[in-house]
Amino acid sequence: MLNRQTQSHRRSVLASFCCAALAVFVQPAVAQQDYPSKPVRFIVPFTPGGGTDIITRIVAQRLSDTWGKPVVVENKPGTGGIIASQLVANAPPDGYTLNVITPVNVINPSLYTKLPFDPLNDFTAVALMNRLQLIIVSAPGFGPNNVRELIALAKAKPGTVNFASTGAGGAAHLSMELLKKQAGIDMTHIPYKGSAPAYSDVMGGQVQILSNNIISSMPLIKGGKLKALAVTGAIRSVIAPDVPSVAESGLPGFDVTSWFGLTVHAKTPRAIIDRLNRDIVKILQEPAVREKMIEQGAEPVTGLNTPAAFDQIMRYEMKMWSDLIRSSGIRQEAAPLQ
């Protein structure tokens with residue numbers, strides 16, 4: 001039989017162990033309940049002033065107003081979002097560093113032989129902020145006035161039509177590769193390092209057409225410097241209701257849209273992810289926020305917008321773009337960062 005001193009010592013040790021174990025569960029719960037207790041960072045993979053940056057700042061400002069804590073937008077451009085994603089992958093999994101992602105994040109695994117992170121398993125979806133139509137444009141003097149006429153020209157003169165993109169492997173580039181595949185035509189891709197030189201050469205007639213986001217294209221269209229041939233979504237855009245979709249121009253079922261969304265480190269507590277999703281979705285439903293986004297050419301996502309729904313979108317598009325890249329013979333390269 002144990003003596004009283006030994007029993008007392010064991011009870012003391014057991015009590016200390018229980019308190020320590022309880023602290024392991026209580027401290028994260030308290031931290032999650034107090035979230036956010038310090039500034040939150042949104043990492044944007046593009047330079048300031050672009051569509052992604054502008055829309056992110058709209059959401060960040062409203063979150064800052066809601067929480068009473070700063071929400072800081074940091075721009076980390078370069079290498080197709082890889083720099084920004086690696087920063088978030090290496091950040092503490094506490095919900096204070098969020099990655100602003102676009103379709104390029106789910107395209108990259110098919111373009112590069114090895115990335116310094118796993119785009120799906122190293123991150124967790126938070127919310128989809130909006131969808132954004134792409135628009136196919138040309139110089140005003142270009143012969144075809146719509147995609148049906150463009151396809152007819154490309155079939156009559158194979159390989160003579162060039163199309164620009166703001167970078168190889170992006171959604172804008174791949175939207176044209178998909179059009180080529182579905183229409184059975186041959187066009188030559190001319191990649192550029194950004195929108196400005198691509199627009200300049202299209203307006204100057206050096207390249208015939210360009211697919212790019214509707215935000216940056218509409219001012220040039222309204223100014224008469226570019227001609228709109230089609231939008232790439234399944235239906236017409238509320239931003240350009242007079243421009244037909246590719247689907248209604250001879251390729252039924254064609255549907256390519258860009259989007260902006262948020263992810264965090266995969267080990268972020270579920271309670272924080274749910275809090276982020278709830279607050280962001282609520283902001284996206286505000287009339288003033290919707291109006292500001294639509295002015296920028298983006299359509300806020302206010303329907304089913306859960307982390308699980310966004311995760312499904314990413315997984316579906318990763319497979320879709322992987323199949324297209326493989327069938328189009330686009331060459332994989334080593335990832336620029338390791």
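The values are calculated or read from the model by the stated rules, or taken from the named source; none is laboratory data. Computed from a prediction, not measured in an experiment: that's the story for all the values here. Don't worry about glycine lacking a Cβ; one is built from the backbone with ideal geometry, like all the others, and counts go over all protein chains shown. Please note that ligands, DNA and RNA were not included when accessible areas were found on the heavy atoms of the full protein model with its side chains. Shrake-Rupley method; radii C 1.70, N 1.55, O 1.52, S 1.80 Å.
Residues to consider are Thr97, Thr52, Thr113; find the one that is within 19 Å of the chain's Cα centre (by Cα) and more than 25 Å from Gly297 (Cα to Cα).
The conditions single out Thr97.
Can you tell me how many residues within segment 209-242 are out of contact with any strand residue (DSSP E or B) (no Cβ under 9 Å at 6 or more places or on another chain), within 23 Å of Thr56 (Cβ to Cβ) and in contact (Cβ under 8 Å) with a residue 12 or more places away in the chain?
Selection size over segment 209-242: 1.
For segment 154-204, enumerate the residues that are assigned to a helix (DSSP H, G or I), surrounded by fewer than 17 Cβ atoms within 10 Å (Cβ to Cβ) and free of Cβ contacts under 8 Å to residues at least 40 places away in the same chain.
Answer for segment 154-204, where residues must be assigned to a helix (DSSP H, G or I), surrounded by fewer than 17 Cβ atoms within 10 Å (Cβ to Cβ) and free of Cβ contacts under 8 Å to residues at least 40 places away in the same chain: Lys155, Ala156, Ala196, Pro197, Ser200.
Within segment 72-86, how many residues are under 18 Å from Tyr112 (Cβ atoms), open to solvent by less than 50 Å² (accessible area, probe 1.4 Å) and not in a helix (DSSP H, G or I)?
The qualifying residues number 1.
Tell me which of these Ala89 doesn't satisfy, since it passes every other one: (1) on the phi < 0 side of the Ramachandran plot; (2) open to solvent by 40 Å² or more (accessible area, probe 1.4 Å).
Here Ala89 clears every test but (2).
Among the residues in segment 116-136, are any at pLDDT 95 or above and either out of contact with any helix residue (DSSP H, G or I) (no Cβ under 9 Å at 6 or more places or on another chain) or not in a strand (DSSP E or B) (or both)?
yes
Does segment 121-140 contain at least one residue that is in contact with a Lys or Arg (Cβ under 6 Å, 6 or more places away or on another chain), of a type outside the set (A, V, I, L, M, F, W, C) and open to solvent by 60 Å² or more (accessible area, probe 1.4 Å)?
Looking through segment 121-140, at least one residue is in contact with a Lys or Arg (Cβ under 6 Å, 6 or more places away or on another chain), of a type outside the set (A, V, I, L, M, F, W, C) and open to solvent by 60 Å² or more (accessible area, probe 1.4 Å).
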